[in-house]
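The values are calculated or read from the model by the stated rules, or taken from the named source; none is laboratory data. From a predicted model like this one, the values you see are computed outputs, not experimental measurements. Note that we place each Cβ from the backbone using ideal geometry, even for glycine, and neighbour counts take in every protein chain shown. Protein only, heavy atoms only, side chains kept; ligands, DNA and RNA dropped before computing areas. Shrake-Rupley method; radii C 1.70, N 1.55, O 1.52, S 1.80 Å.
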Amino acid sequence: MSSDPWIVVGALVATTFLIKGAGSLVMGDRELPGWFPRFVEYLTPALLAVLVVTQLVGAAGAHGMTFDARLAGFAGALVAWRLKAPVPLVILVAAAVTAGVRALS
């Protein structure tokens, strides 16, 4: 068994501990600024949106955008979600729409 993956895992663990500990070392006993919790609150959904969009329309290995069945599946899930369908049904709708569009193309 190669040790290369374990070296990467160990480096990631060490980096995570350093990043988590850096906040305590830098801030000490001081209070965070009042704007910071709001910033973090808005940053999380923004980052999630960026990840979703890049997975939906990002072209693999090319510069530009690709519109395919994944986008149709997302649109179907969005409609089901707006109609207040339960989450498992939203997932099934997304899968069914995506499969249907792939079958037709």
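A residue that is of a type in the set (Gly, Ala, Ser) and either at pLDDT 85 or above or surrounded by 10 or more Cβ atoms within 10 Å (Cβ to Cβ) (or both) cannot be found anywhere in the stretch 24-32. If we keep just the residues of the stretch 68-82 that are within 18 Å of Leu51 (Cβ to Cβ) and touching a helix residue (DSSP H, G or I) at 6+ places or on another chain (Cβ under 7 Å), which is most open to solvent (accessible area, probe 1.4 Å)? Filtering first and then ranking leaves Trp81. Here Ala14 passes the criteria (1) among the small types (Gly, Ala, Ser); (2) open to solvent by less than 80 Å² (accessible area, probe 1.4 Å); (3) modelled with pLDDT under 85 except the one numbered (3). The set of residues in the stretch 8-51 that are under 30 Å from Met65 (Cβ atoms) and either charged (D, E, K, R) or more than 19 Å from the chain's Cα centre (by Cα) (or both) contains only Glu41. Checked against the criterion of being assigned to a loop (DSSP other than H, G, I, E, B), at pLDDT 90 or above, over 17 Å from the mean Cα position of the chain (by Cα) and surrounded by 10 or more Cβ atoms within 10 Å (Cβ to Cβ), the candidates Ala85, Ala96 yield just one match: Ala85. Taken over the stretch 38-74, the criterion of being hydroxyl-bearing (Ser, Thr, Tyr), at pLDDT below 90 and within 25 Å of Val87 (Cβ to Cβ) is satisfied by Thr44, Thr54.
Out of (1) at pLDDT 95 or above; (2) not in a helix (DSSP H, G or I), what's the single condition that is false for Ile91? Exception for Ile91: condition (2).
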